Every structure is written in structure tokens, then in C-alpha cells.
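J.: Dropping a structure here in C-alpha cells format, bear with me for questions.
Just so it is clear, none of the values below were taken in a lab; they were calculated from the coordinates. These figures come from a predicted structure and were not determined experimentally. In this analysis, Cβ positions are derived from the backbone assuming ideal geometry, glycine residues included, and neighbour counts consider all displayed protein chains.
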Amino acid sequence: MALITTRDGTGLYVKSWGEGRPVVMLHGWPLSADSWDDQAMPIAEAGFKVITYDRRGFARSDQPFAGYDYDTLSDDLADVMAATGATSDATIVGFSMGGGEVARYQSRHGGKGLVQAALVSSVVPFMLSQAIENRAAR
């Protein structure tokens, strides 16, 4: 367990188990990295390095005034991946709001270092904006 510092100086609490190909798991709102504990241990025991973290503003991570947009959150994901060595052959899994970060990472960072991505019960930014626009048009 460690605290890493992002490119804008925000401290993020990171948990890591095991060794092997990295699997980075992003929690949903209003949860924390701990929400993945039941899945992380068996994945690590299967030969993977599992990385979870508390996104900015949640649990043990810093709570800065700004930076809660998907661009910054995807940059935070890139910074966590770099700091933990998850820079190639990585899988990222996003639950709920975490899925939005996975989607934005794909577009903003070109899927750098990834071989797989999973969205679990996710609300991705584009889909949410489309739903709001469709409601407003009625």
C-alpha cells in the first residue's frame, strides 16, 4: 500500500497484490479501492498483479478542490499505471463511474499499455451525455 503523487500533485492511495501481468481495477462512486478486495485476492493468486486505488476525493486519497472531470481522472489512471509499472500488457476494469475513466483513458491516452479493458455496470461519459440530451429534447 502506497501513496503516489499525480502530475498535478494529488496524492492517491494505491493497493497492490501479487506479481505478473497487471490488472488495474477502478471503483465506483462512492466506494473505495477496498470494494475490490474480494476479487483482487483470487486474481492475484491466479498469477496477476492486481492494482486498485482510491480515486481523488475518495477514502484515503487527497481531496483537492478541482480535477473531478474525466480528463483529469484518466490522467490519474495513467499516473497510477506508470507508478506501479502497469505500462504494458495491462487489463483495466472499471465499475460504475470507474467505467467512465476506462473509456476516457482509451480515448485520451490511446489505450497505451492495454491488452484488455472491461466495463462493469458502467456509465460512460458519452452515454450519459446522450441520455441527458435525449431527455431534454422531449
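J.: Would you mind working out the magnitude of the charge dipole of the chain relative to its Cα centre, with +1 at each Lys and Arg C-beta and -1 at each Asp and Glu C-beta, to the nearest 20 Debye?
T.: Roughly 300 debye for the chain.
J.: Local charge sum around residue 19 (other residues, Cβ-Cβ under 15 Å, Lys/Arg +1, Asp/Glu -1)?
T.: On the way: positive: 15, 21, 49; negative: 45, 89.
Counting the neighbours of residue 19, the net charge comes to +1.
J.: Next up: Out of these labelled values of Rg and Dmax of the Cα atoms in Å, (1) 19.4, 60; (2) 15.1, 49; (3) 14.7, 52, which was calculated from the coordinates shown here?
T.: Computed from these coordinates, Rg and Dmax of the Cα atoms in Å corresponds to label (3).
J.: Separate question: What do you get for GluC sites (Glu not before Pro) in the stretch 1-101 restricted to DSSP loop and a cutoff of at most 15 other Cβ within 10 Å of the site's Cβ?
T.: Of the GluC sites (Glu not before Pro), the ones in loops of the stretch 1-101 whose Cβ has at most 15 other Cβ atoms within 10 Å are 19.
J.: Report the local net charge at residue 77: Lys and Arg +1, Asp and Glu -1, summed over other residues whose C-beta lies under 9 Å from its C-beta.
T.: Overall, the nearby charge balance is -2.
J.: Tell me, 29, 17 in order of fewest to most beta-carbon neighbours within 10 Å?
T.: Least to most surrounded, the residues fall as 29, 17.
J.: I need to check one value: relative contact order of the chain, counting alpha carbon pairs closer than 8 Å and at least 6 residues apart, in percent.
T.: Taking the mean separation of contacting Cα pairs over the length of the chain, I get 24 percent.
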